[in-house]
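Below is one structure, written out as structure tokens, with a few remarks after it.
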Amino acid sequence: TVKAQGKNGVRASGEGLVEASARRSRLARDLPGAIERGGLRLVYQPVVGVHERRVLGAEALVRWDHPVLGPVPPEEFVGLAEDDGLIVPLQRWVLETATAEHARLVAGGRDLKLGVNISVRHLQARCLVEDVTRALERSGLPARLLMVEVTESVLMDDDQRLLAELAELSALGCVVSLDDFGKGYSSLAYLARLPVDVLKMDRGFVSGIDTDPRGAALVGSVVDLGRTLGMDVVAEGVETAAQREVLVSLGCGFLQGWLTGRPVPAAELPAVVDGFDPGLLGAREPLPVPW
Ligand code: C2E
Ligand code: MG
Ligand code: MG
Ligand code: MG
């Protein structure tokens, strides 16, 4: 797997190392062309409101189908772009394409949010606000419909300038979300000071939730934390009805995962949104929660 070959991964055989480094240089050689000449595409995964019982938005996820090596996982080539100084052009392409495609969807009369993943390196490059502003202007997408997803590694970088950039995005009217929440090291004190509107709870929290009471208790406290800080909480990676049951009973208001929708190309999203089956959220209205 990619993870096993990753930065610190030690492969058993010398041959494996040679293969891994050949793959890396091939990808590094081909990525700039893919960014510039239409080699990338976006898919969109629905985010569903438990109480609204419908699709409220979609997250753009970048895809690269390499002509020889086949599909390359986004974590692999985003990491490569970060190492090779290509993150800004990559993110500009994602922002421009996602806002343009989403603006067409919204023009069709659907009030849906768009989630876009942002690299901390783009924040550090100091041009994120400028790039977001330009993408919004060109596409005509209202800022309030754009949700910028940053990973919690911004928490580890105690850099006031990064926080100031995030606050600027907020001031533009964008929604700011903290992605993969709980995966790394989160300082709770710091979280309270972040200009963040949404917590996206990492898939790792959700996977065992239906069989592990301690895991469920943990998710319950993240939901409570979100409520205390005035943040919405989205559960990522919801695959089964059993997981959904627990999440809903704990008061989690937003779900994203294979259960409620796989990522699809922009052209298929209207049918997915309009044809969403609320039965996927359970047969009845969620129970009232005790607070
Ligand atoms: P993420 O932002 O946390 O995105 C969610 C990931 O979980 C996606 O993987 C999605 O396909 C996957 N997923 C969704 N529902 C389920 C489920 O029910 N079960 C399981 N097992 N997986 C589910 P994907 O598309 O491979 O993306 C992986 C990561 O790559 C993303 O994690 C994000 O951090 C990064 N990424 C993707 N697109 C971009 C981008 O345009 N820019 C940047 N900087 N990073 C991106
Ligand atoms: Mg994300
Ligand atoms: Mg995530
Ligand atoms: Mg991730």
- request: Determine the pairs where a residue that is in a strand (DSSP E or B), located within region 120-147, has a partner that is open to solvent by less than 40 Å² (accessible area, probe 1.4 Å) with Cβ atoms under 6 Å apart, the partner being 6 or more residues away or on another chain.
  value: Leu146/Leu114; Leu146/Cys174; Met147/Gly115; Met147/Val175; Met147/Ser177
query: Based on what the data block shows, is Val129 hydrophobic (A, V, I, L, M, F, W, C) and within 16 Å of ligand 4 (Cβ to nearest atom)?
result: no
query: What tally of residues in region 216-258 results from selecting those that are of a type outside the set (Ser, Thr, Tyr) and assigned to a loop (DSSP other than H, G, I, E, B)?
result: 13
query: Within region 171-191, restricting attention to residues that are more than 16 Å from ligand 1 (Cβ to nearest atom) and within 14 Å of Met156 (Cα to Cα), which residue is surrounded by the most Cβ atoms within 10 Å (Cβ to Cβ)?
result: Leu191
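Being more than 29 Å from Glu245 (Cβ to Cβ) and open to solvent by 40 Å² or more (accessible area, probe 1.4 Å) is true for just one of Gly33, Gly38, Gly70. Which residue is that? Break it down stepwise before answering.
Values: Gly33 fails: open to solvent by 40 Å² or more (accessible area, probe 1.4 Å); Gly70 fails: open to solvent by 40 Å² or more (accessible area, probe 1.4 Å).
Only one candidate passes the filter, namely Gly38.
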task: Considering only region 204-214, state which residues are free of Cβ contacts under 8 Å to residues at least 40 places away in the same chain and under 22 Å from the mean Cα position of the chain (by Cα).
output: Gly204, Phe205, Ser207, Gly208, Ile209
- request: Inspect region 119-130 for any residue being open to solvent by less than 30 Å² (accessible area, probe 1.4 Å), out of contact with any helix residue (DSSP H, G or I) (no Cβ under 9 Å at 6 or more places or on another chain), among the small types (Gly, Ala, Ser) and within 14 Å of ligand 1 (Cβ to nearest atom) and give the result as yes or no.
  value: no
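Whether any residue in region 167-178 is part of a loop (DSSP other than H, G, I, E, B) and among the acidic types (Asp, Glu) is what I want to check. Don't jump to the end; show me each part of the working.
Within region 167-178, the first condition is being part of a loop (DSSP other than H, G, I, E, B), and the residues that meet it are 173-174.
Retained after the next criterion (residues that are among the acidic types (Asp, Glu)): none.
No, every residue in region 167-178 fails to be part of a loop (DSSP other than H, G, I, E, B) and among the acidic types (Asp, Glu).
The values are calculated or read from the model by the stated rules, or taken from the named source; none is laboratory data. All figures in this text were calculated on a predicted structure; none of them were measured in a lab. When we count neighbours, we look across all protein chains shown, and the Cβ atoms used for this are built from the backbone with ideal geometry, even at glycine. We work out accessible area using only protein heavy atoms, side chains counted, and drop any ligands, DNA or RNA first. Shrake-Rupley method; radii C 1.70, N 1.55, O 1.52, S 1.80 Å.
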